[in-house]
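Student: Can you read through this structure? Questions will come right after.
Rule-based calculations on the coordinates, nothing more; no lab input. These numbers come from a predicted model, not from an experiment. Cβ coordinates were reconstructed from backbone atoms using ideal geometry, including for glycine residues, and neighbour counts include every protein chain displayed.
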Amino acid sequence: MMDWKVTATIMFFPVLIMAIFICFKTRKDVLFLIPNMAVLCWLSANSLWMLGEFYEFKYLVMALFFFITGALLIFYYLFLIFRKKTI
């Protein structure tokens, strides 16, 4: 599986750039922006995790930070949705 190390390393740049671009395009509508930011956090976490596994550097705590941040963003998004429905 490590044969794909170079390909995966090259491909994570366009994936993150596209996620940032999507966040930029949806910045005016918070209900679209928050889930996109969560996806950006999760993609960042997965990229850090992948690079850590491939190149044996230990930034897994940073990956955990991005995973938790993405989850908190989704909880905040759900809070906004349910608050909107109850009003």
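Student: Can you tell which of Phe66, Phe12, Phe54 shows the greatest fluctuation in a Gaussian network model of the chain with Cα springs below 10 Å?
Tutor: Checking each option, the largest mean-square fluctuation is seen for Phe54.
Student: Can I ask one more? In debye, nearest 20: dipole of the chain around its Cα centre with unit charges on the Cβ of K, R (+) and D, E (-)?
Tutor: Details: 8 positive and 4 negative charges, 117 e Å.
Value, rounded to 20: 560 debye.
Student: A follow-up question, please. Using the Cα centre of the chain as origin and beta-carbon charges of +1 (Lys, Arg) and -1 (Asp, Glu), tell me which of Asn46, Tyr59, Gly70 is placed farthest towards the positive end of the dipole.
Tutor: Comparing the listed Cα positions along the dipole, Gly70 ranks first.
Student: All other residues with a Cβ under 11 Å from the Cβ of Leu33 taken together, and with Lys, Arg as +1 and Asp, Glu as -1, what is their net charge? Could the numbers behind the result be given before it?
Tutor: On the way: positive: Lys25, Arg27, Lys28; negative: Asp29.
Here the charged neighbours net out to +2.
Student: Still on this structure, I have one more. Summing +1 for each Lys or Arg and -1 for each Asp or Glu, what net charge is found among the other residues whose Cβ lies under 14 Å from the Cβ of Ala19? Don't skip to the answer; put the middle values down first.
Tutor: Numbers: positive: Lys25, Arg27; negative: none.
Taking every other residue near Ala19 into account, the sum is +2.
Student: Using every pair of alpha-carbon atoms in segment 2-86, split the distances into 5 Å bins beginning at 0 and state the percent of pairs per bin, rounded to integers.
Tutor: Spelled out bin by bin, segment 2-86 gives 3, 15, 19, 20, 17, 11, 7, 4, 2, 1, 0 percent.
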